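Structure first, then comments.
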Amino acid sequence: MKKLILLAFTFLGLNVFAQNTWVELSAGTEFSAGIQSDGTLWTWGSNMNEQLGLGDAITRAIPTQVGTDTNWSSISCGAFHSLAIKNDGTLWAWGENSLFQLGNGNTTQLSTPTQVGTDNDWASINAGYAHNHAIKTDGTLWAWGWNLYGQIGDNSNIDLAIPTQIGTATNWEFIDSGAGHTLALKTDGTLWGWGFNANGQLGIISSTEIKEPTQIGTSLWNDISCGYEYSSGIKADGTLWSWGFNGNSQLGLGTIPQADEPTQVGTSSDWETIRSGAASNFAINSSSELFGTGFNQFGTLGDGSGVNKSSFTLITDDVDMVYVSEGGAGQGGIFGHHTFLLRNSDKTVICAAGSNYISQIGDGGSADILTFTCNVGDLDNVGLTAEQKGVNFKVYPNPASDFATIEFDGKTPAQFTLYSTSGAQVFSQEINSGQKVEFKSLELGIYFYEIMKENGELEKGKLILK
């Protein structure tokens, strides 16, 4: 969902991508995607909504190539869906589609990349939680998907089933779609916002909802980013500003509950890039130093502490790019807290940190990573199938109601255990592959499961009961 052009990382890492380099990454809620220099597309992590585009709903613990095409140029991950552009300017989408987020005119979920319409003049894309925006080569702005809070910008609250032009302006330059709000820059540097505003995330003291692009102040801006219910930006003079919800100190303004208008962060005037995740916020200055603030309990900030930060704190220097998950929300709260970095010296390797309970980091495991580690995505092993990697399992339907069927490789029984979001064990049962398991006694909400096989292999994931 996020892309941050920053400036690289000098951690000790393994050069596991011997021939190609990563040119773009995107971090969805519980999954990830990347494009290599040869134009190939790779995905990994959760796949319950077929958001990996691999034709199935099997979780992948390492980067797995999507099809055989070698002409992918841009990728953006939403909460549970994906968008991409090819070199020929065509737009493609796949994954969850209950709110028209795939833009194909219906709500059918798609398991492989499918072209959206026939236009071939798409220049950039940005996937929000369940709404999307794109800019065409002529500078026009287009949107589709979920529109409960007016985040589409067409002056309505009606979901849009296909890409629809927003207004008539032809000078849109950059767009970022948050959970329920949207920010955009025009080529003249003016800042515009629309959508949900209950926590001041639009930076406009007005109503709680603005349904069409509205200019935010008169300042000129170089960069902006939407977090989950907050925003940050860098003005043309290099100063850093934040506004909106601050429950995890993600604004970098200490512990104030929220800021209803853009508020300057510190006094430095050498900031160059800002990118905001679910509740973790990153910025880079002109010395190529990476700073982070906000939520850090799963290691999202990558500083090794696992402790939240209330102000922008130096993480490292020499950073080229960072991509942070904007996350999604459920009855268990906000989830999806992982971050990727690329470094100038070696873009054959992905540096990663943060939450990894469903292998969204792509290192082949499921343990959270507190300090940025630069050995993620061993493409020497990419030729292996999911079965060979030991991650061939499926829990469906998911979300479920009273029952779910659990499949995994192997003929011997396995122990299936459910944990609440607080970590308490609420269910445990020995099962066989293909067995239907009853959950009638459990409350609706989000749970984390473990499948412990007889050979000691442990697989993890998330189950939603609703």
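Points to keep in mind about this one:
- Contact order normalised by residue count of segment 105-260, Cα under 8 Å, 6+ apart, percent: 16
- Normalised by 2.2 N^0.38 Å, where N counts its residues, the alpha-carbon radius of gyration of segment 178-243 equals 1.00.
- Cα-based radius of gyration of segment 252-375 once divided by 2.2 N^0.38 Å, which approximates compact folds: 1.05
- Value of D in µm² per second that Stokes-Einstein yields for segment 56-185, Kirkwood Rh from Cα pairs, at 4 °C (1.567 mPa s): 88
- Sorting the segments 29-35, 116-122 by their residues' average number of neighbouring beta-carbon atoms within 10 angstrom, most packed first, yields 29-35, 116-122.
- Net charge of neighbours whose Cβ lies under 14 Å from the Cβ of ASP154, counting Lys and Arg as +1 and Asp and Glu as -1: -2
- For the chain, the relative contact order is 14 percent, taking Cα pairs closer than 8 Å that sit 6 or more residues apart in sequence and dividing their mean separation by the residue count.
- Over all other residues within a Cβ to Cβ distance under 11 Å of GLY238, the charged ones net out to -3, with Lys and Arg as +1 and Asp and Glu as -1.
- Given in Å, the Rg to one decimal and the Dmax to the nearest whole number for the Cα atoms of segment 4-381 are 18.8, 54.
- Taking 4.7 Å between beta carbons as the limit, the unpaired Cys residues of the chain are CYS77, CYS226.
- Relative contact order for segment 392-465, counting Cα pairs under 8 Å that sit 6 or more residues apart, in percent: 34
- As computed over segment 392-465, the Cα convex hull volume per residue (Å³): 76
- Given charges at beta-carbon only (K, R positive; D, E negative), |dipole| of segment 4-381 in Debye: 340
- Rounded, prolate or oblate (a/c below 1.5 giving rounded, otherwise prolate when a/b exceeds b/c) for segment 234-278 by Cα gyration tensor: prolate
- Packing rank of 261-274, 288-301, where each peptide gets the mean count of other beta carbons within 10 Å, highest leading: 288-301, 261-274
Throughout, read-outs are computed from the coordinates displayed, never taken from laboratory work. Remember, predicted model here, so these are calculated numbers, not experimental data. Positions of Cβ are generated from backbone atoms using ideal geometry, with glycine treated the same way; all protein chains shown enter the neighbour counts.
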